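**Student:** Below is one structure. I have some questions about it.
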Amino acid sequence: MDSPQNIPKNWSLVKVGDISLRIHYGYTASSITKNTGTKILRITDIQDHNVTWDEVPYCEIDEYDISKFQLTQNDILFARTGATVGKSFLIAGKIPQAVFASYLIRIQLSSYVVPRYVYYFFQSAEYWRQIKNKAIGTGQPNVNATALSEITLLIPTVKEQHGISDKIEELLSELDKSFENLEKAKKQLVIYRQALLKVAFEGKLTKNWRSEQSKLKKPLDILQDNLVKRKEYWEESRREEFRQKKNFPKNEEWKKQYKAPKKAEPLDFKIPDEWIVCSWDQISNRVTYGFTKPVYHRESGYPIITAKNVNNNKIDFSVINYTSKEIFDSLSEKDKPKDGDILITKDGSLGRAAIVRKNAFCITQSVAVIWLRTTKINREFLLYYLESPFVQAWIKNNAQGSTIKHLSISDFPKLGIPLPTYQEQEHIVREIETKLSLIENLHFTINQSLKKIDSFRLQILNKAFSGQLIESSMFEAGKDNLVEQI
């Protein structure tokens with residue numbers, strides 16, 4: 001902290017070293033699960049200003065060393081290295097016998113300083129400004145005990161420290177309640193989104209609209225049209241293969257090689273009587289996935305889409321690798337989705353989907369592609385169905401693997417799709433998007449409110465440690481200069 005020009009009355013500018021009895025590093029030992037009677041608190045055990053002591057491991061330590069490193073009430077621990085450098089934790093409440101690990105620094109304060117006051121300062125913008133300036137190292141930033149002792153802060157009398165700490169806790173408690181309520185509202189929006197998709201594909205969202213319609217093309221007619229187009233597309237693709245190989249058959253026996261699509265498995269939810277159930281195999285030309293062989297990466301060329309690039313119902317091209325034109329041209333057609341196809345992730349975070357809006361890219365084996373080259377079914381309707389709780393539950397139940405989950409697409413073509421008329425598909429999409437727009441607006445408003453809470457938190461701490469949170473006149477006793485007391 002730069003020397004302030006206007007220090008509040010009865011306040012003093014001090015260094016952390018001036019108000020500390022001891023600043024030292026923790027104990028070096030490996031963590032073990034065996035109960036030795038002494039736990040060892042590590043940086044990773046401190047999450048969101050809290051420690052779950054039951055989950056903290058033990059360590060082997062001599063009796064002589066326990067007394068040097070044992071944690072006591074009002075100790076302040078400080079992360080001195082890594083991604084969490086600068087974060088602090090105040091030891092309070094009932095704790096087991098425990099020591100602290102070597103990547104932590106312990107500060108034991110003078111009796112003339114209120115630990116809560118210093119701990120809250122360690123969360124202020126001024127503190128983090130100083131930590132940033134003192135941190136060394138680019139790959140693994142760290143702050144040593146000497147640098148920590150040089151941190152400066154303004155401190156009033158002990159009575160005023162207690163008053164300020166009480167006021168901070170009162171105000172932060174109110175903010176925490178607001179934060180908790182907003183986070184709960186965000187979770188409810190997620191639940192509402194899934195409930196919306198559930199009723200949409202049960203036909204309940206368009207029940208009144210459907211009852212008012214007449215002379216609509218039947219879903220069965222739509223499916224029959226798709227089946228005819230599907231076969232025609234297969235035949236034309238085979239003809240193209242023959243033309244390229246210059247060995248076109250003399251008769252049409254080859255047409256008998258066409259395999260009829262697999263029929264749908266029964267749905268485990270009820271749909272309107274006017275709807276039918278079809279399979280992904282019946283409405284698509286193919287369900288496959290991308291290449292498995294290594295691909296040459298470069299800074300420009302043809303994008304390579306992986307599972308991480310499919311999110312929020314769209315394809316993200318912001319962080320991506322590329323392949324050369326030569327390699328792109330050598331890839332199979334199944335590796336290069338076309339406009340109108342649907343991608344769905346099959347490795348890692350399963351079931352995220354997006355519609356292909358451009359076809360100058362290739363996909364890896366972590367992404368499945370549903371070829372929709374001839375179908376006339378509304379793409380957004382299919383996309384929202386993939387996001388529905390029905391399909392997501394099916395994916396969860398069919399996922400394989402213990403550590404990294406993956407989805408085999410061998411059974412996917414048989415997964416049932418509830419199919420209404422073209423007009424109802426479009427109406428369902430409009431209803432979904434209208435309501436999702438409201439959800440997104442609420443989500444944006446909640447996020448803005450959460451940002452305001454963070455801003456209010458910083459404002460509270462800024463005022464607290466500059467003497468503006470409460471008036472000094474509230475504290476008539478203990479006006480002696482703190483540095484003189486120490």
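The values are calculated or read from the model by the stated rules, or taken from the named source; none is laboratory data. All values derive from a computational prediction rather than experimental measurement. Every residue, glycine as well, gets a Cβ built from its backbone with ideal geometry; the counts of neighbours run over all protein chains shown. Please note that ligands, DNA and RNA were not included when accessible areas were found on the heavy atoms of the full protein model with its side chains. Shrake-Rupley method; radii C 1.70, N 1.55, O 1.52, S 1.80 Å.
**Student:** Round to the nearest 0.05 the FRET efficiency obtained for Glu440 and Ser318 when R0 = 25 Å and r is the Cβ-Cβ distance.
**Tutor:** It comes to 0.80.
**Student:** Straight-line reach only, C-alpha to C-alpha below 15 angstrom: list the aspartates and glutamates that Lys263 could link to, leaving out same-chain residues fewer than 8 apart.
**Tutor:** Filter leaves Asp281, Asp411.
**Student:** Residue-wise, which Karplus ³J(HN,Hα) couplings in Hz belong to the stretch 426-438, taking 6.51 cos²θ - 1.76 cosθ + 1.60, θ = phi - 60°, and x for glycine or proline?
**Tutor:** 5, 5, 4, 4, 4, 5, 4, 5, 4, 6, 5, 4, 5
**Student:** At 0.36 nm per residue, minus the direct Cα-Cα distance, what do Asp65 and Ile404 gain on full extension? Give it in nm, one decimal, please.
**Tutor:** This chain segment gains 117.8 nm when fully extended.
**Student:** Can you give the charge dipole size of the stretch 413-471 about its Cα centre, rounded to the nearest 20 debye, using +1 on the beta carbon of Lys and Arg and -1 on the beta carbon of Asp and Glu?
**Tutor:** I would put it at about 280 debye.
**Student:** Within the accessible area of the stretch 381-463, what % is carbon and sulfur when the probe is 1.4 Å and the other protein chains stay in place?
**Tutor:** That fraction is 54 percent.
**Student:** Hey, another quick one. Report, by chain and number, residues whose modeled amide H sits under 5 Å from the one on Arg286, excluding near sequence neighbours (fewer than 5 apart, same chain).
**Tutor:** Close amide H contacts, sequence-distant or interchain: Trp371.
**Student:** Compute the accessible area per residue over the stretch 87-178, keeping the other protein chains in place, probe 1.4 Å, unit Å².
**Tutor:** Solvent-accessible surface per residue comes out at 42 Å².
**Student:** Lysines near Lys15 by alpha-carbon distance under 25 Å, same-chain residues fewer than 8 away left out - which ones?
**Tutor:** List returned: Lys68, Lys87, Lys132, Lys134, Lys159, Lys167, Lys463, Lys479.
**Student:** About the Cα centre of the chain, how large is the charge dipole given +1 on each Lys and Arg Cβ and -1 on each Asp and Glu Cβ? Please answer in debye to the nearest 20.
**Tutor:** 2160 debye
**Student:** Tell me the net charge near Glu440. Cut-off is 13 Å between Cβ atoms, Glu440 excluded, with +1 for each Lys or Arg and -1 for each Asp or Glu.
**Tutor:** Net charge in that neighbourhood comes out at +2.
**Student:** Each residue of the stretch 101-106 in order: what ³J(HN,Hα) in whole Hz does its phi give by Karplus 6.51 cos²θ - 1.76 cosθ + 1.60, θ = phi - 60°, with x for Gly and Pro?
**Tutor:** With the stated coefficients, the stretch 101-106 comes to 6, 5, 8, 10, 10, 9 Hz.
**Student:** At a 1.4 Å probe radius, which order do Glu424, Glu299, Glu126 fall into by accessible area, largest first?
**Tutor:** Of Glu424, Glu299, Glu126, the descending order of accessible area is Glu299, Glu126, Glu424.
**Student:** Return the loop-located trypsin sites (Lys or Arg not before Pro) in the stretch 21-73 (DSSP other than H, G, I, E, B) with at most 14 other Cβ atoms within 10 Å of their own Cβ; answer none if there are none.
**Tutor:** Qualifying residues, ordered by number: Lys34.
**Student:** Quote the charge dipole size of the stretch 291-414 about the Cα centre in Debye, to the nearest 20; the model charges only the Cβ of Lys and Arg (+1) and of Asp and Glu (-1).
**Tutor:** Roughly 160 debye, rounded to the nearest 20.
**Student:** Just the number, please: carbon plus sulfur as a percent of the accessible area of the stretch 187-227, 1.4 Å probe, no ligands or DNA/RNA counted.
**Tutor:** 54 percent
**Student:** If ligands, DNA and RNA are left out, what is the accessible area of Glu60 with a 1.4 Å probe, given in Å² to the nearest 10?
**Tutor:** We get 110 Å² for Glu60.
**Student:** If you don't mind, another one. Would you mind checking which residues have amide H under 5 Å from Ser20's amide H? H placed 1.01 Å from N; only 5 or more apart, or other chain.
**Tutor:** Ser110
**Student:** Accessible area per residue, 1.4 Å probe, Å², for the stretch 189-311: what's the number?
**Tutor:** Value returned for the stretch 189-311: 66 Å² of accessible area per residue.
**Student:** Specify which residue in the list His297, Ile320, Ser284 is farthest towards the positive end of the charge dipole of the stretch 283-326, using unit charges on the beta carbon of Lys, Arg (+1) and Asp, Glu (-1), about the Cα centre.
**Tutor:** Ser284
**Student:** Carbon and sulfur together cover what percent of the accessible area of the stretch 274-345 at a 1.4 Å probe radius?
**Tutor:** That fraction is 46 percent.
**Student:** With θ taken as phi - 60° and the coefficients 6.51, -1.76 and 1.60, list the Karplus ³J(HN,Hα) couplings across the stretch 448-460 in order, rounded to whole Hz; mark glycine and proline as x.
**Tutor:** 5, 5, 5, 5, 5, 4, 4, 5, 4, 4, 5, 5, 4
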